[in-house]
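Taking it in order: structure first as structure tokens, then the write-up.
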Amino acid sequence: MSAQLRTIPSGPSSGLLPPQAAGSGGLLPVEGAASAARVTPLSAYAVFHLNLMFSSIETEARGTVIDRCYRPLLDLAEHGSIPVGIEATGLTLEFIDALAPDVIRRMRRLAGNGAIELIGSGYAQTIAPLLPAEAVRRNLMMGQETVARILGVAPAIALVNEQAWSGGIVAHYRDAGFSAVIADWDNAAQHHAEWPKLWRYYPQIARGADGAEIPVLWSNTIAFQKLQRYAHGDITLDAYLDYVASHADAQPRTLALYTNDAECFDFRPGRFMTEERIHGEGEWARLSRAFAAMKEDARISFVRPSEALPLLAHPQGGKRLKLETPENPTPVKKQLKYNITRWAVSGRDDFLINSLCWKAFRALDGNPDATVDHWRELLYLWSSDFRTHITRKRWDEFLERLNHFITTLPAPPAKATAAAPPVRHAGISQHGRFIDVDTGVMRVRLDARRGLAIDAMGFAGAKPLVGGLPHGAIDDITLAADWYTGNAVLEVPGEAKVTDLEPLTPDIRIDAANGDALISGVIDTRLGPISKTMRIHAGEPRVSCETVFDWPVLGKGSLRLGHVTLKPDAFDASRLSFSTHNGGAMETCRLSGHSVNLGAPVSYLVSAQSGVGMTEGMLEASDGTSSVRLEIDQAEGAMIGLVEHKPIEDSFFCRLMLSALEVDDTRKPEGLSGPRRLCWSLVIS
């Protein structure tokens, strides 16, 4: 029985190695058996990703995709005798089953006789670092159940959706019964200078944030792009074969030839104006020729993905690694321009639809009236393809379906009401531009000349933990500016910034219900007014901010807010770290010694290079003694977190912030309009 032919386990799988598939495919087995095995310099495998939710493919074109892309792929496996891996979401399999049941029957047969190896995914292609842990867990479990129902087997290896990784998701894959995952080498390795390049040829062991572990096979961005370029006629067959063979060595190695879309061969979705014409020879025919040539090449041997896993026992394999780093906490596939901001705060209006999906999740989570169909629909609506190059027609249909779903959700269970704490009134005084609030536990100073930015915030009688840093406070010319806490900034390419750092006339009052201090005002900008209310809580060390951007059009820019600038003299630079959740267990990244800027632009086209999902609604900076924490309610506004940190001799510059909007190639600004209400809280401890 091959590694993929197994029933769905009822709990976490045990052990790190899946059962070895029949036939070694030329791989060197575990150490000690080398003398009995034929050593092949390079063991190569390919995984084709099937996705009928593909963003720029209209619904009515799905039958064409099946005929032009999926049938030829099965021909390649069956008639070309190429043991390819095929990965598809449960949704895609359901669509194929409805449109072409003969294709499903053929896939079942080929999976049963080992001609193809099924690779797992999820029920929908979602971005795990942006989803709550329960949704990630259900997506993987329901994906396994759907594949087993339609194809009769449950895969043992999963291709991580969009290869968007975080340390918190490892346990979810283990719990869903997967014995290994396929993740991107290049995007992770570029931030791990300590990793020898040899490790990319061997499976390693990914360690999760909570200590969970799972073997990882590496995908290779350049390799899959090379195969695409050959199929499209950009390079010759000899050049392609030489490239593949260049990875061979006297020692056994493995290489992922392909881990990407099947829909880019003999089909063009019309995503880009510059898409090449389909090669006249036929791109699947060219692929067949390339694979046949590799079968005849003594330097290359084809294997199934599962047959690469025994190389965990190689001296260069089986290393326990954390794929994420402070500089890149959520690595994905391909180049830096391809990062999680594209599914979080870009697209046609990712912020809006993600907020609505979070609202739906809150209604379903823990609700006894929530059905499997409710969860299926939510995962469908959380599909990544609605968040990138979705066509206008599909976008309009999606919005209608999403809004209808929201109106049909079961009522959430009633929550017990906590007893109201005794009212403690905050004391307020104003001295020129500054407004001082003293709650007895905490002191906060706001600057009315700078749009109610937080000039200082800390415990009574102690140094402020966060606030402003005036020009020249940081002994680094690259940071010679004024830095603020609690402000908002819109940056539009080629235009002056729009900020809320303008003078206002504050309205100051006490909330009679709880004694909180409420300070509000309106800032006029060239795009329209910004209304801002700062609530200084009397009963806890918390400041909450509500900002309404009453702008007719939000434009094509980067909108960041909730900036939190740490006071360097209040923290131990050597122990500073940040913590958050990216779809699973809490992850902590050490900042000492690291230069981090997740919001730094990648190019003129892409305004940020990474981010954190804040899937439990928090992003915290701490040195183990003092902590500051940004909090949001994703159902009110699904923002992501950004971190910036730079060591400066025995000090540092560090700030946290939120992003509600970024720019990249998926951004479609038409229809992206205001007003937009954004809320956050800052808590010290």
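No value in this document is a laboratory result; all are computed from the given coordinates. Source: prediction; values computed, not measured. Backbone-built Cβ (ideal geometry, glycine too); neighbour counts: all protein chains shown.
General observations
- For the peptides 539-546, 478-485, the ranking by mean Cβ contacts within 10 Å, running from highest to lowest, is 539-546, 478-485.
- Approximate spin-label separation His471-His404, in nm, with each point projected 7 Å along Cα-to-Cβ: 5.8
- Amide H contacts for Gln204 (H built 1.01 Å from N in the peptide plane; partners 5 or more residues away or on another chain; cut-off under 5 Å): Val216, Gly318.
- Antiparallel %, DSSP beta bridges [both residues in the chain], to 5: 75
- Equivalent-ellipsoid semi-axes for the range 631-671 (Cα gyration tensor, √(5λ), whole Å, largest first): 29, 16, 5.
- Shape of the range 485-684, Cα gyration tensor, a/c cut at 1.5: oblate
- The modelled label-to-label distance between Ala245 and Ser627, using points 7 Å beyond Cα along the C-beta direction, is 5.8 nm.
- Extent along principal axes [Cα atoms of the range 530-596; Å; largest to smallest]: 45, 36, 28
- Proximity of backbone amide H atoms, modeled 1.01 Å from N, is registered between Ser219 and Ala183, Asp184, Trp185 at under 5 Å, excluding neighbours fewer than 5 places apart on the same chain.
- Rounded to the nearest 500, the 222 nm mean residue ellipticity of the chain from helices alone is -6000 deg cm²/dmol, with -39,500 (n - 2.57) taken per DSSP H run of at least 4 residues.
- Extension gain, Arg509 back to Asp665 (0.36 nm per residue minus Cα-Cα distance, nm): 51.7 nm
- The range 77-113 and the range 501-533: distance between their alpha carbon centers, rounded to Å: 59
- Shape of the range 455-515, Cα gyration tensor, a/c cut at 1.5: oblate
- P(r), alpha carbons of the range 337-423 - 10 Å bins starting at zero, rounded %: 15, 41, 25, 13, 5, 0
- Here the Karplus relation 6.51 cos²θ - 1.76 cosθ + 1.60, evaluated at θ = phi - 60°, turns the backbone of the range 575-583 into coupling constants of 10, 6, 8, 10, 9, 6, 10, 10, x Hz, with x for every Gly and Pro.
- Chymotrypsin sites (Phe, Trp or Tyr not before Pro) within the range 564-648: DSSP coil, no more than 13 neighbouring Cβ in 10 Å: Tyr604
- Principal axis box of the range 46-201, alpha-carbon based, largest edge first, Å: 48, 35, 30
- Global geometry of the range 435-579, whether rounded, prolate or oblate, following the gyration tensor of its Cα atoms and the 1.5 cut on a/c: oblate
- Within the chain, the proportion of Cα pairs with more than 50 Å between them is 17 percent.
- Entry note, the range 485-684: relative contact order of 24 percent, from Cα contacts under 8 Å with a spacing of 6+ residues.
- Distance in nm between pseudo-label sites at Arg108 and Ser651 (7 Å out along the Cβ direction from Cα): 7.0
- Computed from backbone phi with θ = phi - 60° and the Karplus coefficients 6.51, -1.76 and 1.60, the 3J(HN,Hα) list for the range 280-293 is x, 6, x, 6, 5, 5, 5, 4, 4, 5, 5, 5, 5, 5 Hz; x is used for glycine and proline.
- Segment Ser574-Ser685, length gained on full extension (0.36 nm per residue, minus Cα span): 38.1 nm
- Relative contact order (%) - criterion: Cα under 8 Å, at least six apart; region: the chain: 15
- 3J(HN,Hα) couplings calculated from phi for the range 440-448 with the Karplus curve 6.51 cos²θ - 1.76 cosθ + 1.60 (θ = phi - 60°) are, in sequence order, x, 9, 9, 10, 10, 10, 9, 10, 5 Hz; Gly and Pro show x.
- Estimated at 0.36 nm per residue, the fully extended path between Arg362 and Asp75 surpasses their Cα-Cα distance by 98.8 nm.
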